[in-house]
1. Could you tell me how many degrees, from 0 to 90 and to the nearest 10, lie between the Cα long axis of helix 72-82 and the main elongation axis, the longest principal axis, of the Cα atoms of the chain?
2. For the chain, what percent of Cα pairs sit more than 18 Å apart?
3. Taking neighbour counts of Cβ atoms within 10 Å as a proxy for exposure, in what order, fewest first, do GLU141, GLU133 appear?
4. Arrange the following residues from fewest to most other Cβ atoms within 10 Å of their Cβ: LEU132, LEU98.
5. If you fit an axis through the alpha-carbon atoms of helix 111-138 and take the longest principal axis of the Cα set of the chain, what angle between them do you get, 0 to 90°, nearest 10?
6. Once you keep just the Cα pairs under 8 angstrom separated by 6 or more residues, what percentage relative contact order results for the chain?
7. Over all directions, average the projected area of the Cα convex hull of the range 85-173 and note it in nm².
8. Could you state the angle between the C-alpha long axis of helix 144-171 and the longest principal axis of the C-alpha atoms of the chain, as a value from 0 to 90 degrees rounded to the nearest 10?
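Every number in this text was worked out from the coordinates using simple rules, so none of it is lab data. Given the structure is predicted, the values throughout are model-derived calculations rather than measurements. When we count neighbours, we look across all protein chains shown, and the Cβ atoms used for this are built from the backbone with ideal geometry, even at glycine.
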Amino acid sequence: MDLNVLSALLLFLANDRSGYDIRLLFKATPLGVFSDSPGAIYPALARLEARQLLASKAEPGGRRRRAYVRTGAGEAALDSWLRTPVDPETVARRPHELELRYVLVATHLGRGAGADFLAACAEAYRARIAELEAFRAGHPEIGAISIEALGLGIALFRTRLDWCVDTARKGGE
């Protein structure tokens, strides 16, 4: 069952939490990857419940808040998403999603699975760096300023690569 990053994160966080509780978690993170907007979170939770990946119950006390939990199907969908191979498109366009996915993998599947995921990310980052360096070498006509900007992109991928290698090493200590 296909999930997007937001859906997978909501499945991960649904542990007897309300949509409001999840919004507070989104608001508390300094990374700001997802909006804490009720217009994004509540419809996504409703879609997951309609797909029977989440179940909810009204919280006691007369409040309108609903607490969500993963269903068996939701657990299987999350597990499948976490085990999906690293996609080169995600590496190239949305590498921050891989950092978030690492947290989910290592937390949900364990440190060993997290180390395996980091190894796959490192391999994908090496391939992306080689691709960008080959482009830079083969296109001197794009100009010095563009070459500098491309250099920044390469440096950022190298930083991500170093982080993967360092984190995997530290996880085994």
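1. The helix 72-82 is inclined about 10 degrees to the chain.
2. Everything past 18 Å amounts to 66 percent.
3. Ordered by Cβ neighbours within 10 Å, fewest first: GLU141, GLU133.
4. By the 10 Å Cβ count, ascending, the order reads LEU132, LEU98.
5. Compared with the principal axis, the helix lies near 40 degrees.
6. With pairs under 8 Å counted, the relative contact order is 19 percent.
7. Mean shadow area of the hull around the Cα atoms is 5.7 nm².
8. On a 0 to 90 degree scale, this one is about 60.
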